[in-house]
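Enquirer: After the structure tokens below, expect a handful of questions from me.
The values are calculated or read from the model by the stated rules, or taken from the named source; none is laboratory data. Remember, it's a predicted structure, so these values are computed and weren't measured experimentally. Cβ placement follows ideal geometry from the backbone for every residue including glycine, while neighbour counts extend to all protein chains displayed. Accessible surface is based on the protein model in full, side chains and every heavy atom, while ligands, DNA and RNA are left aside. Shrake-Rupley method; radii C 1.70, N 1.55, O 1.52, S 1.80 Å.
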Amino acid sequence: MTVKKMRLCVLGFGAVGQGVANVISMKHEELIERYNLDIQITAIADRSGAAINPDGLDLQLALDTKYETGKIKDYPEFGVSDVDGLEVLDMAEYDCLVEATPTNIDDGEPTQSNILKAMNDKKDVVTSNKGPLALNFKTLVDAAKDNDVKFRFEASVGGAMPVINTARQSLAGNQIQSVQGILNGTTNYILSRMANEGTEYEPTLKEAQELGIAETNPYQDVEGLDAACKIVIIANSLMGWDVSLKDVSLHGISDITSNAVQLALKDGYLIKLVAEAKDGKLTVAPMLVKQGSPFAVNGTLNVINFKTDLSDNVTVVGVGAGSIETASAILSDIISIGKANTN
Amino acid sequence: MRLKLLIELPDTPGQLVNILQPLSSFGANVSTIIHEHDNRTADGKIPVHFTLDGSKEILEKGVEFIRGQDVDIVEIDGILQKETQTFLLLGNIPTADIMQTVHKIDELEDVKISSVDLNIGNNLQESVCKIVIETSENNRLEAINFIQDIADNDNLVLIKEI
Ligand SMILES: NC(=O)c1ccc[n+]([C@@H]2O[C@H](COP(=O)([O-])OP(=O)(O)OC[C@H]3O[C@@H](n4cnc5c(N)ncnc54)[C@H](OP(=O)(O)O)[C@@H]3O)[C@@H](O)[C@H]2O)c1
């Protein structure tokens, strides 16, 4: 069988973008052997500009350059400055866009425009970015359909925990009646520490920030917006709902006190930030889960439970974030597109 | 005829015998008794499964007798007779106010409060209250919606069971 070349354009070269460069450089030979896919990255962009080489970038050199100067435009010979995502998409020769710029939940930009341009240019798209999916799911899916290109977003929902692919492939033929899950690692870490150590919310959040688990601006995580985006994407893509972020009834964890956590523990309950799509409603709120139940996952772990018509309850537990972990989900999407395009 | 029952008994000696002896004296045949020691309820009771054999009249009399002993029958032939729900109410309000809210919940029809546990913060301004309610299976959702309304009206955060 002939080896098929697949060229990627990576927009965003932070934790996720660099993770993608890492796993592709790590797995390059293995992917050729196992899937006949010769995956190359021909363009990488960050805020400084881009590195673009139609013959494929040296990924180690790209990672080293980013590490040393913080700017991908400093990539030797092929670095360019003062270009935005749309311009990079015009300049690069690629088959599949990997969009990993920061999440914007106000208008989904610039990600949404980047994705739509790639689709209109007949390129496949993989993204880890929740913003545009939670705001305008249908627009993006319709654009993919109209242009007859593939659009995958496993990493936007569960990081390395397979959510979309579990439901679409392993549970194919099932109807998903409801979904409940712990979809945010930061809040799960904070609530787990509060239960295990008896600490208050504020110092626990601070500790999580010092450990790099919570972001400097933790607002989207602790107020439940991150989990809300994910449950919206799940309801749209797996349950056939037509919803967006504004349809979620939302309550975060910042008013959960140590007293409340301890009182719940007395009866064997844990407080967890649960996202659910159930009975036609989308909710993100702190809920009580029984210790020892499938939802009682500790630390930064995520968990999701699908209630289905044929398989009853199916639960998946996994790591919801991290550079390599998220890149693994992106890689699985890239491989499935590559395989589909060779058939 | 045969009935499978699931009841909840306090964890003190003699509780089961107090139920089973009278049942046999009615002529009911009691078999396969299983205690779920690992699965205690919020108020520390132990679920007990057993099977009753006998005529229709004897079984009816048996069930009536058990209810008369103030014992909770959870399931009859796999059908739930009552459902318990635990939830927390929290807010930055004095204890007296949160008890007002509990009182409103207690007044709901078809909701029985089976335990209330109050935890008062250091500054006496932050209260957390854990409530366990019993409802029959078919009005569980309705009851929770009413309780949500009460909590919203009183500006309290309601944390429900998943
Ligand atoms: N981190 C995770 O574990 C994880 C898990 C699942 C999903 N995600 C999602 O994946 C996406 C990327 O996350 P991340 O953690 O990699 O974020 P990050 O570390 O903040 O990296 C973002 C990257 O995007 C670049 N960028 C910002 N604006 C840009 C623009 N207009 N054009 C081109 N590049 C731009 C940044 O450039 P500079 O380097 O120059 O600042 C940076 O390289 C986000 O949408 C996030 O929600 C992340």
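Enquirer: Can you tell me which residues in region A:131-169 are open to solvent by less than 30 Å² (accessible area, probe 1.4 Å) and more than 17 Å from the chain's Cα centre (by Cα)?
Expert: A:143, A:144, A:147, A:149
Enquirer: Still on this structure, please answer the following. For region A:71-79, state whether one or more residues are touching a residue at least 24 places away in the same chain (Cβ under 8 Å), more than 12 Å from the ligand (Cβ to nearest atom), of a type in the set (Lys, Arg) and away from chain B (no Cβ under 14 Å).
Expert: Looking for residues that are touching a residue at least 24 places away in the same chain (Cβ under 8 Å), more than 12 Å from the ligand (Cβ to nearest atom), of a type in the set (Lys, Arg) and away from chain B (no Cβ under 14 Å), one finds none in region A:71-79, hence no.
Enquirer: Restricting the search to region A:3-33, which residues are near the ligand (Cβ under 8 Å from one of its atoms), touching a Leu at 6+ places or on another chain (Cβ under 8 Å) and open to solvent by less than 50 Å² (accessible area, probe 1.4 Å)?
Expert: A:11, A:17
Enquirer: Search region B:22-39 for residues that are closer than 14 Å to residue B:3 by Cα and pair each with any residue that is among the charged types (D, E, K, R) and surrounded by 10 or more Cβ atoms within 10 Å (Cβ to Cβ) when their beta-carbon atoms are under 7 Å apart and the residues are at least 6 apart or on different chains.
Expert: Partner pairs satisfying both residue conditions: B:28/B:53; B:29/B:53; B:31/B:53.
Enquirer: What tally of residues in region A:262-291 results from selecting those that are more than 10 Å from every other protein chain (Cβ to nearest Cβ), open to solvent by 30 Å² or more (accessible area, probe 1.4 Å) and free of Cβ contacts under 8 Å to residues at least 60 places away in the same chain?
Expert: So the answer is 3.
Enquirer: Inside region A:88-106, can you point out the residues that are surrounded by fewer than 17 Cβ atoms within 10 Å (Cβ to Cβ) and within 10 Å of the ligand (Cβ to nearest atom)?
Expert: Hits for region A:88-106 are A:102, A:104, A:105.
Enquirer: It is to be established whether one or more residues within region B:136-154 are hydrophobic (A, V, I, L, M, F, W, C), within 11 Å of chain A (Cβ to nearest Cβ) and open to solvent by less than 90 Å² (accessible area, probe 1.4 Å).
Expert: Within region B:136-154, the first condition is being hydrophobic (A, V, I, L, M, F, W, C), and the residues that meet it are B:141, B:143-144, B:146-147, B:150-151.
Adding the requirement that they be within 11 Å of chain A (Cβ to nearest Cβ) leaves B:141.
Okay, now just the ones that are also open to solvent by less than 90 Å² (accessible area, probe 1.4 Å), so none.
The answer is no, given that none of the residues of region B:136-154 is hydrophobic (A, V, I, L, M, F, W, C), within 11 Å of chain A (Cβ to nearest Cβ) and open to solvent by less than 90 Å² (accessible area, probe 1.4 Å).
Enquirer: Then there's this: Need the failing condition index for residue A:128 against (1) in contact (Cβ under 8 Å) with a residue 24 or more places away in the chain; (2) within 11 Å of the ligand (Cβ to nearest atom); (3) open to solvent by 40 Å² or more (accessible area, probe 1.4 Å), just the number.
Expert: Status for residue A:128: all satisfied but (3).
Enquirer: Could you tell me whether residue B:64 is surrounded by fewer than 18 Cβ atoms within 10 Å (Cβ to Cβ), within 14 Å of chain A (Cβ to nearest Cβ) and at pLDDT 85 or above?
Expert: No, not satisfied.
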